Amino acid sequence: MKLGHTVLRVVVGGAFAAHGAQKLFGWFGGPGLEQTGQFFEGGLQMAPGKRNAAAAGVSEFGGGLALAAGIATPVAATALTSTMITAIIKVHAEKGFFATEGGYEYNLVLLGAVLAVVDEDSGPIAALAVLAAGAAGALAAIELGKREAAKLAAAGASSNGGGMATPSPQPAAA
């Protein structure tokens, strides 16, 4: 294994693990699971928010640690890819490309780095398979979250006479 590959694996995996720790545990100035869950449900319409926030946090934290350590790279990369594609679609796409405007630039760079690690470890077919599986996972998570949010809205509307208060979105990096 080349030094550059190891550096890429450790830096990108470590960054993902730290970001996941922000979501899950509130470490490194992060919002923690409760606040991230509120953002997922109220701001992203991905209900139940806490479950979806936990899934994203575990994917980033566990996937990042596994990527950094070189353990189960395709599985870790699929979890990370799915999380990044979800973040691009739900949080960053509408803001354009550049990160300075809240766009998806940084997420795309991380996605490319993860796929480069898989390509180096397992080849281009594996990297394409990870990308396809990650995209499928992201689209499924988005659709399921949207359906659950609609159910919650309908239940809230019927129980309180038509209006359901949704939690106010809290800023949480995705």
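Read-outs throughout are calculated quantities, based only on the coordinates presented, and are distinct from any laboratory measurement. Being a predicted model, the structure only gives us computed values, none of them experimental. Quick reminder, even Gly has a Cβ in these numbers, built from the backbone with ideal geometry, and neighbours come from all protein chains shown.
Listing for the model above:
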| quantity | calculated |
| --- | --- |
| Added length on full extension, which subtracts the Cα-Cα distance from 0.36 nm per residue, HIS5 to ARG147 | 47.1 nm |
| Residue (of GLN45, SER82, ALA135) at the positive-pole extreme of the stretch 3-159, dipole from beta-carbon charges | GLN45 |
| Selection from GLN35, HIS5, ILE125 lying farthest towards where the dipole of the chain points positive, charges on Cβ | GLN35 |
| Mean separation of Cα contacts under 8 Å (6+ apart) over length of the chain, as relative contact order % | 26 |
| Check: the chain dipole with +1 on Lys, Arg Cβ and -1 on Asp, Glu Cβ, in debye | 280 |
| Under Karplus coefficients 6.51, -1.76 and 1.60, residue-wise ³J(HN,Hα) of the stretch 129-140 in Hz, glycine/proline x | 5, 4, 4, 5, 5, x, 5, 4, x, 5, 5, 5 |
| Given (i) 16.5; (ii) 16.9; (iii) 19.0, the label whose value is Kirkwood radius over Cα pairs in Å derived from this model | (i) |
| All lysines inside 30 Å of LYS95 as judged from Cα atoms, apart from same-chain residues fewer than 8 positions distant | LYS23, LYS50, LYS146, LYS151 |
| Which of ALA155, LEU115, GLY62, positive extreme of dipole for the chain (C-beta unit charges) | ALA155 |
